[in-house]
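Here the structure is laid out as structure tokens; the discussion comes afterwards.
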Amino acid sequence: MDFLFVLTVGLIAGTISGIVGTGSSIMLMPVLVYEYGPKQAVPIMAVASVLANLSRILAWWREVDWRACAAYSVTGIPAAALGARTLLALPSHAVDVSIGVFLIAMVPVRHWLARHELKADLWHLAVGGAIIGYITGIVVSTGPLSVPLFLFYGLTKGAFLATEAASSLGLYFAKSVTFERFGALTADLVVKGLIAGSSLMFGAFIAKRFVLHLKPDAFRIIMDAIMLTAGAALLWTAMTS
């Protein structure tokens with residue numbers, strides 16, 4: 001029944017993230033924390049995120065902007081590994097609190113970024129990759145930060161979804177490898193991550209048909225609701241554990 005619950009939430013999360021470009025980790029993480037605890041949930045989510053991003057790449061393969069992906073990944077991958085190593089030194093309670101606060105704080109930050117019509121080039125992607133990569137290593141998802149960055153670069157719809165996913169794939173892979181090297185990602189957790197990730201992958205392919213019909217206002221409402229709910233759930237877990 002635990003796996004069924006995770007798979008159900010994962011399917012919903014994968015579908016929504018496949019439409020808006022992010023949100024699968026934000027939605028699924030509170031469920032994983034509830035089922036397995038924060039120290040196990042983070043590496044499980046890292047494995048699941050690899051599959052989630054891989055599915056979006058496969059769904060939009062021809063749309064990937066590989067130059068943008070390379071600029072972001074060359075700094076983001078090592079930064080994500082460093083962030084993951086930092087996370088392993090934190091106590092479980094601090095993990096819940098830091099992720100919950102981060103998700104809630106990203107709501108006003110995302111609105112601030114949306115109000116400023118900024119433009120980004122490859123150099124900005126490289127700098128953003130380093131900063132966002134390190135934060136990605138510590139928290140579950142930095143989609144609220146990476147999404148505006150790639151939009152400011154000028155990517156939209158399928159090209160945006162594919163390129164953001166391809167860029168994030170390297171970060172989450174580096175995060176997973178770091179967890180494995182330091183003993184935080186066991187074979188059992190890999191299996192749980194693959195199970196959760198399979199539902200995210202399936203949801204991404206379901207979402208493809210809806211991407212072109214999503215209105216900007218709906219995107220903003222969905223993302224705010226996801227981040228506030230998930231952040232509050234993680235803080236509640238931290239306070240009651």
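The values are calculated or read from the model by the stated rules, or taken from the named source; none is laboratory data. Since the model is a prediction, treat every value here as computed from it, not as a measurement. Here the Cβ is made from the backbone with ideal geometry for all residues, glycine too, and neighbour counts use every protein chain on show. For the accessible areas, the whole protein counts, side chains as well, though only heavy atoms, and no ligand, DNA or RNA atoms are used. Shrake-Rupley method; radii C 1.70, N 1.55, O 1.52, S 1.80 Å.
Checked against (1) in contact with a Phe, Trp or Tyr (Cβ under 7 Å, 6 or more places away or on another chain); (2) open to solvent by 50 Å² or more (accessible area, probe 1.4 Å); (3) more than 26 Å from D188 (Cα to Cα), L11 passes all but a single condition, namely (3). Which of the residues belonging to segment 132-142 are more than 10 Å from the chain's Cα centre (by Cα) and open to solvent by less than 20 Å² (accessible area, probe 1.4 Å)? Once the filter is applied, which keeps residues that are more than 10 Å from the chain's Cα centre (by Cα) and open to solvent by less than 20 Å² (accessible area, probe 1.4 Å), segment 132-142 yields I132, G133, G137. Look at (1) modelled with pLDDT of 85 or more; (2) more than 19 Å from I131 (Cβ to Cβ); (3) open to solvent by less than 60 Å² (accessible area, probe 1.4 Å) and you find that R67 fails only one, number (3). The conditions of being at pLDDT below 85, open to solvent by 70 Å² or more (accessible area, probe 1.4 Å) and of a type outside the set (A, V, I, L, M, F, W, C) are met by P91. Within segment 195-210, if we keep just the residues that are under 26 Å from L87 (Cβ atoms) and not small (G, A, S), the residue that is least open to solvent (accessible area, probe 1.4 Å) turns out to be L200. Residues that are of a type in the set (S, T, Y), surrounded by fewer than 24 Cβ atoms within 10 Å (Cβ to Cβ) and part of a helix (DSSP H, G or I) within segment 143-194 comprise just one, T178. The single condition among (1) closer than 23 Å to S199 by Cβ; (2) modelled with pLDDT of 85 or more; (3) surrounded by fewer than 23 Cβ atoms within 10 Å (Cβ to Cβ); (4) not aliphatic (A, V, I, L, M) that W61 does not meet is (2).
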